[in-house]
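Participant: Following this message is one structure expressed as structure tokens.
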Amino acid sequence: MILRNGSVFTDLGRFIPADVELEGDRIVRVAPANTLEGDEVLDCTGKYVTPGFVDIHMHGAFGSDFCDGTAEDICTISRYEGSVGVTTFMGTTMAFDEPILTGIFEAANTRFNKDGEGAVLRGVNMEGPFFNKSKKGAQAEKYIVDPDFDMFKRLYDLTGGNIRLVDVAPELPGAVEFIRKASQLCTVSIAHTSATYDEAKEAFANGATHTTHLFNAMPAFTHRAPGVVGAASDYAAHVEMISDGIHLHPAVVRAVFSLFGADRVCLISDSMRAAGMPNGEYSLGGQKVFMTDGKATLEDGTIAGSATCLPECFRRAVGFGVPVETALKAATINPAKAVGLFDELGSITAGKRADVLVMDKGTLQPEVIFIGGKRQ
């Protein structure tokens, strides 16, 4: 398949006129525009040709949740995500005890890196249970515990090393030692925390590189107490941001890109099972969630994840004034790098997986979606 004469988003984070050749499940060539020939040609003139979206923090969609703990629910999520242009995702947990997480991960083991059902599950984002209860957000307090590396290692081994990201509040007892050990196995992120600037700085010095849903479930960023946000600006390799317009004001979305630059921001959806569904009552982590016009909250009004898919978060970021190239890099290249997948996916590069979108330049909606080289 030749994708001819599109505006191709390169691994440098900018568009160039080019042809792209797909063969099997690979991108085999990127060449100057109108130079490639083949039996199958798709004219992409006036279109963007981009990598598929990479969502490293999402709980569920279309009525299913990763923590439902069944292969069927994971497939439902995969099909929905694939239909909107997400080609890779991390199944994200909530704060649960080890027996519950064991069941969730046993189900996930049947779906890791499997093609054929839309977006591909590439690993786990273990969000919880190592959190500060004062910043639990929508996490169930009864399951929150201090960092326990032995527990984490058992679960990591159970998944065959497919926990790619683990979240922790660095001010908790044993957190620094946990970070030091866990960072040898996967990306460690600061999350659901009351850490000061110095506590967060110590976490980064001991192996943390990531920050979960920046500004949410952490102290405010102020001029005398910069907290986690200030430490992340100095030391984090990547930070996550939910740009649905609900979790953060549009001005903050723009400010994050100004503060952190185009290479360090990862757009995420943090979506729960209400994504792609009508208004109504849902659940997240065993708690009731009410979704009204895209806003998901617990009974007490606490925001409970989002009901917005990553491609829509990308479009909203652009609508807030973020340049297309910058927002797209934050939804493809950067998240793939953050969880160690960039050698395989996340950019239009010869040799990588053929996870490719042909996107309308006006609406930024994907018109054609290839996942592993197969047109969806």
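The values are calculated or read from the model by the stated rules, or taken from the named source; none is laboratory data. A quick note: this is a predicted structure, and the numbers were derived from the prediction, not measured. With ideal geometry, Cβ positions are generated from the backbone for all residues, glycine too; neighbour counts draw on all protein chains shown. Please note that ligands, DNA and RNA were not included when accessible areas were found on the heavy atoms of the full protein model with its side chains. Shrake-Rupley method; radii C 1.70, N 1.55, O 1.52, S 1.80 Å.
Participant: Scan the range 53-64 and give yes if some residue there is touching a residue at least 12 places away in the same chain (Cβ under 8 Å), more than 24 Å from M241 (Cα to Cα) and within 23 Å of the chain's Cα centre (by Cα), otherwise no.
Facilitator: Looking through the range 53-64, none of the residues is touching a residue at least 12 places away in the same chain (Cβ under 8 Å), more than 24 Å from M241 (Cα to Cα) and within 23 Å of the chain's Cα centre (by Cα).
Participant: Could you list all residues from the range 348-376 that are out of contact with any helix residue (DSSP H, G or I) (no Cβ under 6 Å at 6 or more places or on another chain) and on the phi > 0 side of the Ramachandran plot?
Facilitator: G351, G372, G373
Participant: What residue, of I246, I242, I268, is more than 21 Å from V339 (Cβ to Cβ), under 21 Å from the mean Cα position of the chain (by Cα) and buried (at least 17 other Cβ atoms within 10 Å of the Cβ)?
Facilitator: Testing whether each residue is more than 21 Å from V339 (Cβ to Cβ), under 21 Å from the mean Cα position of the chain (by Cα) and buried (at least 17 other Cβ atoms within 10 Å of the Cβ) leaves just I246.
Participant: Filtering the range 277-296 down to residues that are of a type in the set (G, A, S) and closer than 24 Å to H249 by Cα, which residue is modelled with the highest pLDDT?
Facilitator: A296
Participant: Condition first: surrounded by fewer than 23 Cβ atoms within 10 Å (Cβ to Cβ), small (G, A, S), out of contact with any Cys (no Cβ under 6 Å at 6 or more places or on another chain) and in a helix (DSSP H, G or I). Can you find one or more residues in the range 188-209 that meet it?
Facilitator: Looking for residues that are surrounded by fewer than 23 Cβ atoms within 10 Å (Cβ to Cβ), small (G, A, S), out of contact with any Cys (no Cβ under 6 Å at 6 or more places or on another chain) and in a helix (DSSP H, G or I), one finds at least one in the range 188-209, hence yes.
Participant: Can I ask one more? Please go through the range 119-159 and give me each residue that is open to solvent by 10 Å² or more (accessible area, probe 1.4 Å) and under 19 Å from S78 (Cβ atoms), ordered by number.
Facilitator: Residue satisfying the conditions is R122 alone.
Participant: Helices (runs of 4 or more DSSP H) wholly in the range 299-375 with at least 1 residues that are among the charged types (D, E, K, R) and in contact with a Phe, Trp or Tyr (Cβ under 9 Å, 6 or more places away or on another chain) - which ones?
Facilitator: Ranges flagged: 324-331.
Participant: A further question on this structure: Just to be sure I understand the filter: pairs with C-beta atoms under 6 Å, separated by 6 or more residues or on different chains, first member in the range 159-188 and at positive phi, second member at pLDDT 95 or above and crowded, with 21+ Cβ neighbours inside 10 Å. Which pairs pass?
Facilitator: Note: pairs meeting the criteria are G174/P147.
Participant: Looking at L101 and the list (1) of a type outside the set (F, W, Y); (2) free of Cβ contacts under 8 Å to residues at least 60 places away in the same chain; (3) surrounded by fewer than 24 Cβ atoms within 10 Å (Cβ to Cβ), which single condition is not satisfied?
Facilitator: All conditions are met except number (3).
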